[in-house]
Each structure stands twice: as structure tokens, then as C-alpha cells.
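First up is the structure itself, then whatever we jot down about it.
The values are calculated or read from the model by the stated rules, or taken from the named source; none is laboratory data. Just so it is clear, the structure is predicted and the values come from calculations on it, not from any experiment. Cβ placement follows ideal geometry from the backbone for every residue including glycine, while neighbour counts extend to all protein chains displayed. Accessible surface areas use protein heavy atoms only, side chains included; no ligands, DNA or RNA. Shrake-Rupley method; radii C 1.70, N 1.55, O 1.52, S 1.80 Å.
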Amino acid sequence: MVAGVTVSFVFAAERRQLILEMVRANGAVSLRELARVVQTSEVTVRRDVRALEAEGLLDRRHGGAVLPGGFTRESGLPQKSHLATAEKTAIADVAAGLVGEGEAIVVGAGTTTQELARRLARVPGLTVVTNSLLVAQALAHANRVEVVMTGGTLRGSNYALVGSGAEQSLQGLRVSRAFLSGSGLTAERGLSTSNMLSASVDRALVQAAAEVVVLADHTKLGTDTMFQTVPTDLITRLVTDEPPPHEDRAGTELQALADQGVQITVAGTGQGGAPENAPPSRRTRQDVPLPGQRGRHPGAPGPLRGAPGPLAAPDPQPAERAARVADLRRR
């Protein structure tokens, strides 16, 4: 009995040391990746992460762990690319389905929008305005897709153009919708990021669009960072993944966003039936239309000629709507 306890303790200590080394090396690591490397369940890894957090060695985040004090510090691109990879892929698949042939859009910087750009390469006649070198690279060899880049100063941490040059190049621009990501999303403040220059450019991108689509996996729901980019009342639609059953905070935040009129589209990651590598048409998708959907933000232009119609779906009966929102919350 004692020997069994001793072995268990040793194994736990070894796991936690390995977890700590991974977080220190990468800055941020998802629970899924930690569980894969240490060859145990996410439940066990979550328990280990809590123990390490209690010792002040790391900080927990939705779906992962980061270095201590990570609330106001922006992770670099290599660190972000390791978080919620399956979820970002599913979100990008669904978001690409919202873009029609011949449309003009803006796409902001981020690992999720980079995944979206890879899928937009198949949309003919598309015009994409972006401040992200990675988005532009993903579309560089696409046939019949025109890429327009902003000016500005390069931020090496996320390969994005920022500053007054980027903002000025967006003045007078008119597109049908903007696709943006960020560091956190709450119903109270909307989308936010950890960098002031990035936030300023994202706000300029929003002003150029008739509709705003936010791409955010469940690890960002309920997370609030320093600089607001898109207030909740300007977000037309949120494309996210289904939060795990234990993520009560993410589910609560989704409910609050829906209550404020944001359309919620939930993309499946293959765990609910469709395989993870299924084409976009086979992935799980759940829309939650709500009353008073906004087609545009104040002062924004209407959609360009030839662009798809508004994203808002017809409003269901109140009882049906309440059932859908309740079902989303349970998920």
C-alpha cells in the first residue's frame, strides 16, 4: 500500500516537472498537448496544472497553461500556434463558408485568421485586405484572389503591420465584413488584445466593414485583456467551438453574448460525430439566431454589390429560440 502511494507520488512529480518544462519552453501549452506528451488524461493534467499554479509556477488559462503573469503579456506566434489547434481548424472551416465568390473582406492578424486564409484561397474573385503577412502569404499563390496589404510597421511577434501607416491606409475603405481574432472575448467588453498598436489597427479594420465576424475558440471566452478592439454591440457573429462540459465559464460567456444579440455559430471538432479531418460541409455547425440581429454597426456602409446577403438568419419563435439558447448553454 505504501509502495503504491510512493510510486504514484513519484509519477505525479515527474509529470508536473515535465509539464513545467514544456510551459517554460513554449510560453503556453494546451491541456490536450500536455496530456499527449505525458501520456495521461486531460483530467489528470488539469489537476497537475492546478497544483503547479498553487505553487506559483504557472498560470491556468481556459484549455491550457501559461507562464506566470501572462494576463497582460502577449504570447508569441509559436506559443499561440500550439493552443487549441483542432478548434481553430474547425472554426476556420465554418468561417470560410460565410465568404462568397466576388466578395471584398478584411482579415485581421492571428493564428485563427491564418487558418481561415488558407481556406479562402479556394474562393474565386475574392478581394482580401489584411495587415497580416501570414494571411497574405497563405493567399499569395491563390488564383483569382486579390490581396491588398496595409502599410505600417512590422510587429515581429505576430508578423502584423501596425501603427499610423496601417491605420491611414484603411481610411476610405469599404468592404462587406471583417474577420477578426484576439486574445480574449467577454460579453462585457467584447473582443480585446494585449497590445495597444494591434488593438488600434483592429479598430480601423472594423470601421471599414459592414459586419464583424469574430473567430475565437473556447479558451478565449471569458478572458479579458488590456485593450478593447471590438465592443460587443459591434460584433455581428461569433464563430467558436463547443466548450468542454467542465468549462462552465465559457458556456456562461456564450449565453451572455447571445443575450446581447451576437449570433453564435458553434463548429464541431470531430469529437461530436464528424471526423476531425472532415471537409467543412460535414463538420458540426450550430447557429443560434437571436432577436434584434445587427446587420451593420452605426455609420458602416452596406454590403458591396455581389456580396452574400446578411449573416442573420430568420428569427425563430420565442419558445424555439429559448430552447436553442438553453441547449447551447448546456453544451
Problem - Restricting the stretch 157-195 to residues that are closer than 22 Å to residue 126 by Cα and either hydroxyl-bearing (Ser, Thr, Tyr) or touching a Phe, Trp or Tyr at 6+ places or on another chain (Cβ under 6 Å) (or both), the residue that is most open to solvent (accessible area, probe 1.4 Å) - result: 169
Exercise for the section: Within the stretch 123-144, work out how many residues are surrounded by fewer than 19 Cβ atoms within 10 Å (Cβ to Cβ) and among the β-branched types (Val, Ile, Thr). Expected result: 1
Problem - Tabulated pairs, the stretch 125-149, first touching a residue at least 60 places away in the same chain (Cβ under 8 Å), second outside any strand (DSSP E or B) and open to solvent by 30 Å² or more (accessible area, probe 1.4 Å), C-beta under 7 angstrom, 6+ apart or interchain - result: 129/173; 131/152
Exercise for the section: Can you run down the residue pairs with Cβ atoms below 9 Å, 6 or more apart or on separate chains, where the first is in the stretch 251-268 and farther than 11 Å from residue 239 by Cα and free of Cβ contacts under 8 Å to residues at least 60 places away in the same chain and the partner is in a loop (DSSP other than H, G, I, E, B) and open to solvent by 10 Å² or more (accessible area, probe 1.4 Å)? Expected result: 261/290; 261/291; 261/292; 261/293; 261/294
Fill in the blank from the handout: If we keep only residues of the stretch 22-33 that are modelled with pLDDT of 80 or more and touching a Ser or Thr at 6+ places or on another chain (Cβ under 9 Å), then the residue farthest from residue 87 (Cα to Cα) is 33
Exercise for the section: Determine whether the stretch 273-282 contains at least one residue that is touching a Ser or Thr at 6+ places or on another chain (Cβ under 8 Å), crowded, with 17+ Cβ neighbours inside 10 Å and modelled with pLDDT of 50 or more. Expected result: no
Exercise for the section: Output the number of the condition that residue 154 fails; it satisfies all remaining conditions of (1) more than 30 Å from residue 253 (Cα to Cα); (2) open to solvent by less than 10 Å² (accessible area, probe 1.4 Å). Expected result: (2)
Handout entry: Verdict on residue 115 being more than 17 Å from the chain's Cα centre (by Cα) and open to solvent by 20 Å² or more (accessible area, probe 1.4 Å)
Key = no
